[in-house]
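What follows is calculated from the coordinates using simple rules that are stated; it is not laboratory data. Bear in mind the structure is a predicted one, so any value in this text is a computation, not a measurement. Heads up, the Cβs are rebuilt from the backbone with ideal geometry, glycines too, and the neighbour counts pull from every protein chain shown.
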Amino acid sequence: MVQDNELSPPKEKSSRRNLLWAAKLIITILILAYIYRTFQNEQKGVGDISKVLLNLFSLNHLPKIIAVLLLVPVNWALESLKWKTLAQKVMELSFWDAFRGTLTGLAVGVAVPAQLGDTIGRIASLKSDRRLEAIGAALISNGIQFYVSVFFGALGWMQVREQLNIPTVTKQVLDILLIIILILGALATLFRKPLTDWHPTKPIFITIHSYLRIAGSYTPAEIGLSALFGALRYLVFLTQFILILSLFDFSVSMIDQFACVSLIFLAKTLIPAVNVLGDLGLREFTALVVFASFNLPPEKIIAATFLVWIINVLGPILIGIFLIWKYKWKQIRL
């Protein structure tokens, strides 16, 4: 009997390790399939797009391209600082642990729809038995970024609303939707404290409350700091996009460019489930619709969005894949 007890734990440990290894493999295959599908989708008109991209790489454009590349780690560092600020309510987290979790979440996020993959990646990379308590922190982090994107998207919408060639009914629906989201976001922030005093009795609400009650424990300073990191990250991403657009010498005012790019991000924010199909396609489609009113060459618009994706998303995704395999997920007990 003693011998059986001694042999059982190693078997269980080995089974868990094999299961986690298989999970890593499946996630990696899904991520690589996403990348492959993205490049395959670009083959429609790839001749024009590749020609446009090749023309960009010149000495005159080198400073701007370098600036865009340097902003990549800044972008994800700001997201990591936001995650660190919120996750520390549950456990101590170093910047590098937060950075690793952010990139792991990004990689897993393209394999799993909506924000579920991002949350799984972040939580799984935490080195603590209390990692499940951080689910609420991940939801708050994503919620803050969602609100920031909607806020700036609403400003952009106000700027170019009348110039866009879309039906009036669609404009009115979007007006109402943005107002509702902005009001609900503000109310959720102001009245989050009751979550800590809520004591549900039904099992499903008990589970939901265990993840969301952390929202009520954040101080205004912590929420404000996290929102600041989210806003700065948004502005960095916005700046990268504008720098890339400036390589094409578009005859569009800077403020209209900012407005149009904010609408591209807004579409990606309001339709997150499209991650299953590839968010690049959505960004390209939105960019074409938004910039159509300015009579810009479609191949240049598609090339710009593709270049933004390659620089700011593809690289971090590949690093995230490396981190998925490097991290000893055998410590995880989900």
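Going from the residue with the fewest nearby Cβ atoms within 10 Å to the one with the most, 325, 83 rank 325, 83. Approximating the spin labels as points 7 Å out from Cα along Cα→Cβ, the residue 25-to-residue 168 distance works out to 6.0 nm.
Highest mean packing comes first when the peptides 215-226, 69-80, 304-315 are listed by Cβ atoms within 10 Å, giving 304-315, 69-80, 215-226.
Remark: region 219-268 projects, on average over all directions, an area of 4.0 nm² (convex hull of Cα atoms).
Sorted on the mean count of surrounding Cβ atoms within 10 Å across their residues, most packed first, peptides 140-149, 93-102 read 140-149, 93-102.
Cross-link pairs exceeding 30 Å between alpha carbons, from the set 268/300; 84/300; 64/268; 84/193; 171/202; 64/89: 84/300; 171/202; 64/89. For region 56-110, the spread of Cα coordinates along the three principal axes comes to 48, 22, 13 Å, biggest extent given first. Net charge around residue 84, counting only other residues with Cβ within less than 15 Å of its Cβ (Lys, Arg = +1; Asp, Glu = -1)? So the surrounding residues net to +3. The residues 82, 202, 300, 64, when put in order of fewest to most other Cβ atoms within 10 Å, stand as 202, 64, 300, 82.
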